[in-house]
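Reading through the structure tokens given below for one structure.
The values are calculated or read from the model by the stated rules, or taken from the named source; none is laboratory data. What you are looking at is a predicted structure, and each value in this text was computed from that prediction instead of being measured. Don't worry about glycine lacking a Cβ; one is built from the backbone with ideal geometry, like all the others, and counts go over all protein chains shown.
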């Protein structure tokens with residue numbers, strides 16, 4: 001038997017062949033990739049800490065009209081290079097690497113993950129983990145455009161119900177969603193934006209509540225009734241007052257407790273337009 005290895009056959013690379021239809025593709029890539037990431041967070045002392053979580057990631061690039069297809073495996077190769085520290089600061093690096101590796105003009109990255117904070121109950125102080133959804137979006141198409149989205153749970157209580165009822169008022173869970181662009185060179189931590197958003201509802205939600213805490217939350221909501229319109233207007237006022245934020249979209253969806261439908265309101269503002 002010969003010790004000489006048989007050369008591997010040359011495999012055709014169909015993606016790299018040409019295309020004659022002359023139709024460019026704006027975005028092509030991989031979506032719904034579940035991947036463990038380590039997210040850099042502000043430390044309580046000096047330096048930073050890391051939160052380990054699992055993200056759902058979309059990675060896309062533009063494709064010129066003369067190329068038949070992109071190389072899907074290369075997206076995951078890039079992700080493997082950066083998964084140990086994925087945060088708002090490193091997203092441009094990931095996008096630029098995507099463009100380099102896939103020889104693309106534009107790159108788009110979306111990273112959605114559950115984020116956990118320690119939240120103490122309002123009266124007893126019992127601590128629990130509260131989770132909410134965060135999304136980082138980075139578009140690198142001439143410039144690097146970063147958008148951060150938070151979906152924050154809270155409680156709303158109907159002002160009309162309180163006014164017309166002899167006792168009680170109907171309340172509901174609500175999801176407040178805020179998308180922001182920040183001024184150049186400015187950092188806004190997830191925890192900081194979360195604190196701004198949750199103050200705009202009738203009251204906050206907590207993961208651990210004993211009876212004294214539940215009494216506090218119920219009465220707090222009753223003392224601070226808000227329509228869905230009130231919530232988004234208060235969100236807009238708070239975001240307008242923060243100079244770190246130059247553009248935002250804010251919305252609230254209230255999951256009605258006495259209707260078989262939800263209430264919704266939305267505001268968008270570009271503060272750069274004056």
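One table, with the values for the structure above:
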read-out: Those residues of segment 79-89 which are touching a strand residue (DSSP E or B) at 6+ places or on another chain (Cβ under 8 Å), within 15 Å of residue 57 (Cα to Cα) and surrounded by fewer than 21 Cβ atoms within 10 Å (Cβ to Cβ), in sequence order; value: 83, 84, 85, 87, 88
read-out: Complete set of residues in segment 201-234 that are in contact with a helix residue (DSSP H, G or I) (Cβ under 9 Å, 6 or more places away or on another chain) and outside any helix (DSSP H, G or I); value: 201, 202, 203, 204, 205, 206, 209, 225, 226, 227
read-out: Any hit, segment 106-119, residues being in contact with a helix residue (DSSP H, G or I) (Cβ under 7 Å, 6 or more places away or on another chain) and modelled with pLDDT under 95; value: yes
read-out: Matching entry among 120, 107 (being surrounded by 18 or more Cβ atoms within 10 Å (Cβ to Cβ) and touching a strand residue (DSSP E or B) at 6+ places or on another chain (Cβ under 8 Å)); value: 107
read-out: Test set (1) out of contact with any helix residue (DSSP H, G or I) (no Cβ under 6 Å at 6 or more places or on another chain); (2) crowded, with 17+ Cβ neighbours inside 10 Å - residue 171 fails condition number; value: (1)
read-out: Test for residue 193: is it within 27 Å of the chain's Cα centre (by Cα) and modelled with pLDDT under 95; value: no
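Listed here are the residues, each with its yes/no results for (1) within 30 Å of residue 259 (Cα to Cα); (2) within 21 Å of the chain's Cα centre (by Cα).
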site	(1), (2)
81	no, no
92	no, yes
101	no, no
108	no, yes
115	no, yes
138	no, yes
163	yes, no
176	yes, yes
